[in-house]
Amino acid sequence: MKYYSTNGKAPLADLQKAVVKGLAEDRGLYMPEQIHKLPQAFFDNIQDMSFQDIAYNVAVSFFGDDVDPDGLQDLVYDTLSFDCPIVKVEDNIYTLELFHGPTLAFKDVGARFMARLLQFFINRSNETHKTVNVLVATSGDTGSAVANGFLGVEGIHVYVLYPKGKVSPIQECQFTTLGKNITAIEVDGVFDDCQALVKSAFMDEELNKHMKLTSANSINVARFLPQAFYYFNAYARIKKLGMADNLVMCVPSGNFGNICAALFGHEMGLPINRFIAANNANDIFYNYLQTGKYEPKPSKQTLANAMDVGDPSNFARIYDLYGKSHEKISSLISGATYSDDQIRDTMRQCYKDTGYILDPHGACGYRALKEGLRPGEVGIFCETAHPAKFKEKVDDILGIDIPIPERLQAFMNGKKQSVPMSKDFSDFKKYLLSK
Ligand SMILES: *Cc1c(COP(=O)(O)O)cnc(C)c1O
């Protein structure tokens, strides 16, 4: 399979290049040239298949030209060693819990899949086995998913750059206590400084001669496409309940990678009638749906901070997928946008009425579905984060003391190790050159 750039001015790439480079030369996002429809027999039997087997079938469709069947099966089974259940919240409203992975983040699947795919390419290449170095800047969540996804993967070393004192203690311990092939770098600055250091490193010729550098950015095809697995599994589980006939999928969205993967699933034949993209106060996509104009803005800080995005990177993919047609996009996807006050109200109301504890991101999804669902439809919204990841906020809003799951607790018992770093590129470069 070849991958083209959404900007249309870069050469076609094979999967290996698309994964290692991440972004095309013309700064566009890579798109697969074909999206294959899955056979009807697959959908007829899907309700009796396991999450892993469903995902394997989907993965073959995307990656089967480039990775042999055994290798791909290994990769998928290793990535999906956890459940992603459907939970009934109220009549006709279900939630797809995407937070049962190693760091309780839905980003775990993409991060792990990308790590194993990169390893597959390293093993296959004829080059002398030089370590590949992954640089990732994080304001919290991405760092933990990437670090844990790449943990212990041979031939790869990960440097996680994070702003000192600006990451929550729960998040910090998820990438500073791991050791092995993960190095946490504590930058005396803000998130933008971390990102600038990473960008400068990629552009530095001397550094690139010294070591092999790559990024694990969320626009990478190996990180976003595997998220399609979730939606096939959701369909299977709801079909088993006999509720799959008139299905609406609602996805709390920031960079729109997750919903974009769901839309790819739809193109492969997944029988979902329509989609809702739920936003917090960052309403760029919502406004696009209303006006047909895409106007990026600086991001606003909200309670659902993983969705604080003012220029969603995967918009380019959605736009391309539907031939730049506003009509097609707005007839398949509707939008919603909520303020922090509305998020708080929704969390309280849902807890009071149903007993279900929403996190601030899932709250946007629940509300958008509840307000948008039409008679005769069944809706599923994604719960993208475990509420304990936002313990202080959730406790405060709901007046409860939510227990921290064992898996999170285990990270908190580890010993923090990080390398202090100034925000000057020359210091970071000197450090990397010494490796
Ligand atoms: C990353 C993230 C989102 C947004 O996902 P996108 O793919 O960027 O749209 C939503 N909720 C949580 C908890 C996240 O971590």
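The values are calculated or read from the model by the stated rules, or taken from the named source; none is laboratory data. Just so it is clear, the model here is predicted, and its values are computed rather than measured. Cβ: placed from backbone, ideal geometry, glycine included. Neighbour counts: every protein chain shown. The area values use the complete protein model at the heavy-atom level, side chains included, leaving out ligands, DNA and RNA. Shrake-Rupley method; radii C 1.70, N 1.55, O 1.52, S 1.80 Å.
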For segment 334-355, which positions are more than 16 Å from the ligand (Cβ to nearest atom) and open to solvent by less than 40 Å² (accessible area, probe 1.4 Å)?
CYS350
Among the helices (runs of 4 or more DSSP H) confined wholly to segment 271-379, which include 1 or more residues that are among the β-branched types (Val, Ile, Thr) and under 30 Å from ALA41 (Cβ atoms)?
315-321
From ILE182, ILE170, grab the single residue that is within 21 Å of the chain's Cα centre (by Cα), among the β-branched types (Val, Ile, Thr) and at pLDDT 95 or above.
ILE182
Pairs, first closer than 14 Å to TYR366 by Cα in segment 84-98, second open to solvent by 30 Å² or more (accessible area, probe 1.4 Å) and in a strand (DSSP E or B), C-beta under 7 Å, six or more apart:
TYR94/ILE86; TYR94/VAL87; TYR94/LYS88; THR95/VAL87; LEU96/ILE86; GLU97/VAL87
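Considering GLN73, GLN16, GLN34, GLN40, which residue is open to solvent by 10 Å² or more (accessible area, probe 1.4 Å), of a type in the set (S, T, N, Q) and in contact with a Gly (Cβ under 9 Å, 6 or more places away or on another chain)? Working first, answer last.
Working: GLN73 fails: in contact with a Gly (Cβ under 9 Å, 6 or more places away or on another chain); GLN16 fails: in contact with a Gly (Cβ under 9 Å, 6 or more places away or on another chain); GLN34 fails: in contact with a Gly (Cβ under 9 Å, 6 or more places away or on another chain).
Answer to the check: GLN40.
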As an exercise: evaluate PHE121 against (1) within 16 Å of the ligand (Cβ to nearest atom); (2) among the aromatic types (Phe, Trp, Tyr); (3) at pLDDT below 95 and give the number of the one condition it does not meet.
(1)
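Condition first: away from the ligand (no atom under 16 Å from the Cβ), crowded, with 18+ Cβ neighbours inside 10 Å and not in a helix (DSSP H, G or I). Now tell me which residues in segment 140-159 satisfy that.
Hits for segment 140-159 are LEU151, VAL153, ILE156, HIS157, VAL158, TYR159.
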Does segment 294-313 contain any residue that is more than 23 Å from GLY140 (Cα to Cα) and within 18 Å of the chain's Cα centre (by Cα)?
no
Suppose we filter ALA385, ALA368 for residues that are aliphatic (A, V, I, L, M), closer than 16 Å to ASN280 by Cα, open to solvent by less than 40 Å² (accessible area, probe 1.4 Å) and out of contact with any helix residue (DSSP H, G or I) (no Cβ under 7 Å at 6 or more places or on another chain); which single one remains?
ALA368
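Give ASN280, ASN287 a once-over and let me know the one that is of a type outside the set (A, V, I, L, M), surrounded by fewer than 21 Cβ atoms within 10 Å (Cβ to Cβ) and either within 16 Å of ALA368 (Cβ to Cβ) or away from the ligand (no atom under 15 Å from the Cβ) (or both). Let's see the steps before the verdict.
On the way: ASN280 fails: surrounded by fewer than 21 Cβ atoms within 10 Å (Cβ to Cβ).
Going through ASN280, ASN287 in turn, just one is of a type outside the set (A, V, I, L, M), surrounded by fewer than 21 Cβ atoms within 10 Å (Cβ to Cβ) and either within 16 Å of ALA368 (Cβ to Cβ) or away from the ligand (no atom under 15 Å from the Cβ) (or both): ASN287.
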Quick one: in segment 231-257, which of the residues that are open to solvent by less than 10 Å² (accessible area, probe 1.4 Å) and among the polar types (S, T, N, Q) is farthest from the ligand (Cβ to nearest atom)?
ASN233
Starting from residues that are within 16 Å of the ligand (Cβ to nearest atom) and open to solvent by 40 Å² or more (accessible area, probe 1.4 Å), keep the ones in segment 304-333 and report whichever is farthest from GLY28 (Cα to Cα).
ASN305
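Is it true that ALA222 is of a type in the set (Gly, Ala, Ser), buried (at least 22 other Cβ atoms within 10 Å of the Cβ) and within 26 Å of LYS17 (Cβ to Cβ)? Before you say what the answer is, go through the steps one by one.
On the way: of a type in the set (Gly, Ala, Ser): yes; buried (at least 22 other Cβ atoms within 10 Å of the Cβ): yes; within 26 Å of LYS17 (Cβ to Cβ): yes.
Yes; evaluated as a whole, the condition is true for this residue.
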